[in-house]
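I have placed the structure first, in the form of structure tokens, so that the comments after it can refer back to it.
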Amino acid sequence: VHLVRSGRGKMLMDRIRSHSGTMLEHEERLLAARKLEAEHAERLGVVGVGVGSFVMIALALFSLLTVSRDVEELRHTAEELAKSEEHYRLLTEQSNDLVRLLSLDGKITYVSPSIERILGYTVKEYLSVSPMSLMHPSELDIGKKLLTDVRSGTVTSGVSTYRLLHKDGEFRWFEVRWRLVPGARVKPRELHTA
């Protein structure tokens with residue numbers, strides 16, 4: 001009661017209100033500053049996500065373009081290879097020359113269809129026999145030496161003359177140009193004769 005009559009109570013209440021107002025203003029400033037910081041952090045987050053998304057989309061597009069270019073190059077290479085193979089097949093199969101591929105152990109892996117016109121054998125018949133069995137007995141050493149020299153790396157191409165057995169039983173003379181066909185690795189794969 002004494003505080004009320006002396007007016008001290010009112011002064012105390014005014015001071016409390018003043019301090020409360022100051023504290024409230026201070027808290028509001030802090031709250032506003034934190035709100036600005038939160039908005040700034042949110043903007044930075046949005047920008048970061050946007051930049052990250054842009055970079056990821058750009059990388060995805062770049063990868064897609066690179067893969068697309070590689071696929072196109074591969075398709076073009078496959079088309080060129082197919083054209084080249086078709087061209088080679090056309091030349092080989094329509095040729096009047098006898099074209100053969102022999103493995104380095106002396107087995108025939110390919111013979112052109114001209115075999116039937118030249119030696120009377122079908123492709124299937126010719127592929128089923130050993131090429132040495134069709135050489136004239138006195139010239140077998142030529143074929144054996146050639147394969148030995150090719151395997152040893154002494155020679156890679158040349159011309160040989162020898163006789164081959166026709167299906168009718170007679171021997172026919174041939175001048176054969178041959179060369180080594182390189183394989184995917186350093187070692188030769190086949191011997192090409194024509």
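Here are some notes:
- Residue-averaged 222 nm ellipticity for the chain, from DSSP H runs of 4+ at -39500 (n - 2.57), nearest 500: -21000 deg cm²/dmol
- Proximity of backbone amide H atoms, modeled 1.01 Å from N, is registered between Val181 and Arg189, Glu190, Leu191, His192 at under 5 Å, excluding neighbours fewer than 5 places apart on the same chain.
- Residue by residue, region 129-137 carries 3J(HN,Hα) couplings of 10, 6, x, 5, 5, 9, 7, 4, x Hz when phi is fed to the Karplus relation 6.51 cos²θ - 1.76 cosθ + 1.60 (θ = phi - 60°); x denotes Gly or Pro.
- Length gained on full extension, Ile16 to Val129, computed as 0.36 nm times the residue gap minus the Cα-Cα distance: 28.8 nm.
- Residues whose amide H falls under 5 Å from that of Tyr110, counting only those 5 or more places apart or on a different chain, are Leu101, with hydrogens built in the peptide plane.
- Listed by chain and number, the aspartates and glutamates whose C-alpha is less than 20 Å from the C-alpha of Lys35, apart from same-chain residues fewer than 8 away, are Glu25, Glu27.
- Cβ-Cβ distance of Ala41 and Ala78, R₀ of 45 Å, FRET efficiency by 1/(1 + (r/R0)^6): the value works out to about 0.25.
- Degrees between helix 8-94 axis and first principal axis of the chain (Cα, 0 to 90, nearest 10): 10 degrees
- Of all aspartates and glutamates in the structure, the ones whose alpha carbon falls short of 19 Å from that of Lys145, not counting any fewer than 8 places away in one chain, are Asp105, Glu175, Glu190.
- Peptide ranges 153-164, 101-112 listed from the most packed, as the mean C-beta count within 10 angstrom indicates: 101-112, 153-164
- Heavy atoms of Asp97 accessible to a 1.4 Å probe, total area in Å² rounded to 10: 90 Å²
- Each residue of region 97-110 is assigned a 3J(HN,Hα), and the resulting list reads 7, 8, 10, 9, 10, 10, 6, 6, 9, x, 8, 7, 9, 8 Hz, derived from the Karplus form 6.51 cos²θ - 1.76 cosθ + 1.60 (θ = phi - 60°), x at Gly and Pro.
The values are calculated or read from the model by the stated rules, or taken from the named source; none is laboratory data. In this text the structure is predicted, and so the values were computed from the model without any measurement. Ideal geometry is used to build each Cβ from the backbone, glycine not excepted, and the neighbour counts take in all protein chains shown. Just so you know, the surface numbers come from the protein's heavy atoms only, side chains and all, with ligands and any DNA or RNA stripped out. Shrake-Rupley method; radii C 1.70, N 1.55, O 1.52, S 1.80 Å.
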